[in-house]
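**Q** Mind having a look at this structure? Questions to follow.
The numbers here are math on the coordinates, done by the rules we state, and not lab data. Everything quoted here is computed from the prediction, not taken from an experiment. Counting neighbours? That spans all protein chains shown, and the Cβs are built from the backbone with ideal geometry, glycine included.
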Amino acid sequence: MRGEQVDLTPREFNLLWALADHPGRVMTHESLLEAVWGPAHRQDLDYLRVAVRSLRRKLELVPSAPRLLINEPGVGYRLAEAD
């Protein structure tokens, strides 16, 4: 980001792709898990949390105060729309 190339794992890329396909819209935990890991993993929230944490480290200016990958508590995540 910020004009630099960012290397993503295939899972990180697929997660970012799923979020970018619906900018500004909340994607439920279950829908993201199914899109990235498959239907057998719809309840594996730890997979999702680890992947989001990793993406934030790579994409956010301040990963502990995200402005791009937004958590919607108890629901899911959304990718912030461009300003």
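**Q** At what distance in nm do the modelled label points of ALA40 and GLU4 sit from each other, each positioned 7 Å from its Cα along Cα→Cβ?
**A** Each label point lies 7 Å from its Cα, and together they span 3.7 nm.
**Q** Relative contact order of the chain, please, whole-number percent, based on alpha carbon pairs below 8 angstrom and at least 6 residues apart.
**A** About 35 percent, as a whole number.
**Q** Per the Kirkwood definition applied to all pairs of different Cα atoms, how many angstroms is the hydrodynamic radius of the range 1-41?
**A** Its Kirkwood hydrodynamic radius stands at 11.2 Å.
**Q** For a protection proxy built on the mean count of beta-carbon atoms within 10 angstrom, sort 49-59, 71-81 highest first, please.
**A** Sorting 49-59, 71-81 by mean packing, highest first, produces 49-59, 71-81.
**Q** So for the range 10-79, Kirkwood radius off the Cα pairs, Stokes-Einstein at 4 °C and 1.567 mPa s: how many µm² s⁻¹?
**A** Value of D from the Cα-based Kirkwood radius: 109 µm²/s.
**Q** Using a simple charge model, +1 on the beta-carbon of Lys and Arg, -1 on the beta-carbon of Asp and Glu, nothing else, what dipole does the chain show about its Cα centre, in debye to the nearest 20?
**A** 200
**Q** Still on this structure, I have one more. Once label points are set 7 Å from the Cα along Cα→Cβ at both GLU60 and ALA20, what is their separation, rounded to one decimal in nm?
**A** 1.9
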